[in-house]
Amino acid sequence: METFFLKSFKDAIKYWYIPLIVGLLFVFVSVVAFVSPEASFLALSILFALSFLLGGFSEIVLAIGNRNQIESWGWTLALGIITFIVGVLLLINPAVSTLTLALYIGFIFLFRSIAAISFALDIKKYGNKNWGGLLTFGILGAVFSFILIWNPVFAGLSIVILIGLSFLFAGFFSIYFAFQLRKLHISAKKISAKLKEKYDSLMDEIREEWIQ
């Protein structure tokens with residue numbers, strides 16, 4: 001993932017709260033999986049599908065709406081598209097087997113976990129003190145994703161718990177991501193118009209030097 005910073009300070013970050021909503025949604029789904037693991041597997045599959053559809057669509061809106069502000073908007077767009085596609089596949093065929101559901105969710109959360117780990121290492125370079133917590137969420141998410149993909153022999157309740165844990169760590173990452181966006185949103189609003197103009201002028205000069 002590219003280092004996360006603003007392309008321009010002309011405009012504040014739009015829809016910074018979207019990852020927060022997605023994160024809370026994923027945490028809610030994980031709680032449902034923990035509290036009612038004995039629920040109908042079909043019902044849980046539909047719940048997973050709907051959460052992926054809403055989460056993926058929201059992230060697509062976030063990425064496109066901030067493509068001129070956020071350097072790493074492409075990663076966010078990719079996450080949104082993949083999440084949305086998996087949601088569509090699950091909704092079309094919610095009566096999938098336990099193995100198929102584990103593979104779907106395992107791959108999507110593995111991708112999201114790798115993105116979280118990369119993001120954590122990037123912000124570490126810039127002195128952000130919260131990188132350790134994000135790295136932990138990413139590693140834990142990757143571990144459970146690997147289990148779902150490579151060793152989905154955990155039948156019945158066990159597989160639901162593993163899926164719930166994957167949703168939980170993905171939710172924590174999205175919530176953290178939202179608060180980082182909020183900080184940038186607030187910072188951009190505080191910067192004066194004159195300083196924004198100087199910053200954009202400097203960035204243009206740097207890009208011209210790189211091209212030469």
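The values are calculated or read from the model by the stated rules, or taken from the named source; none is laboratory data. Computed from a predicted structure; not experimentally measured. Cβ: placed from backbone, ideal geometry, glycine included. Neighbour counts: every protein chain shown.
Among 123, 149, which is the only one that is in a helix (DSSP H, G or I), surrounded by 15 or more Cβ atoms within 10 Å (Cβ to Cβ), modelled with pLDDT under 75 and among the β-branched types (Val, Ile, Thr)?
Working: 149 fails: modelled with pLDDT under 75.
Exactly one of 123, 149 is in a helix (DSSP H, G or I), surrounded by 15 or more Cβ atoms within 10 Å (Cβ to Cβ), modelled with pLDDT under 75 and among the β-branched types (Val, Ile, Thr), namely 123.
Working carefully through the options 199, 176, find the one that is part of a helix (DSSP H, G or I) and at pLDDT 80 or above. Full working, then the answer.
Numbers: 199 fails: at pLDDT 80 or above.
The conditions single out 176.
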Exercise. For segment 1-43, how many residues are more than 13 Å from the chain's Cα centre (by Cα), modelled with pLDDT of 80 or more, crowded, with 21+ Cβ neighbours inside 10 Å and not small (Gly, Ala, Ser)?
Worked result: 1
Exercise. In this structure, does residue 63 turn out to be touching a Gly at 6+ places or on another chain (Cβ under 8 Å) and within 26 Å of residue 17 (Cα to Cα)?
Worked result: yes
For this session: Quickly run through segment 67-111 and pick out the residues that are out of contact with any strand residue (DSSP E or B) (no Cβ under 9 Å at 6 or more places or on another chain) and assigned to a loop (DSSP other than H, G, I, E, B).
Result: 67, 68, 72, 93, 94, 95, 96, 97
For this session: Of all residues in segment 14-65, count the ones that are in a helix (DSSP H, G or I), within 18 Å of residue 172 (Cα to Cα) and not hydrophobic (A, V, I, L, M, F, W, C).
Result: 8
For this session: Give the number of residues within segment 78-96 that are surrounded by fewer than 19 Cβ atoms within 10 Å (Cβ to Cβ) and more than 14 Å from residue 49 (Cα to Cα).
Result: 1
Problem set entry | Pairs with Cβ under 9 Å, 6+ apart, first in segment 43-56 and in contact (Cβ under 8 Å) with a residue 40 or more places away in the chain and β-branched (Val, Ile, Thr), second surrounded by fewer than 16 Cβ atoms within 10 Å (Cβ to Cβ) and part of a helix (DSSP H, G or I) | 46/91
Seminar exercise, completed: (1) more than 16 Å from residue 26 (Cα to Cα); (2) in contact (Cβ under 8 Å) with a residue 40 or more places away in the chain; (3) buried (at least 16 other Cβ atoms within 10 Å of the Cβ) all hold for residue 63 apart from (2)
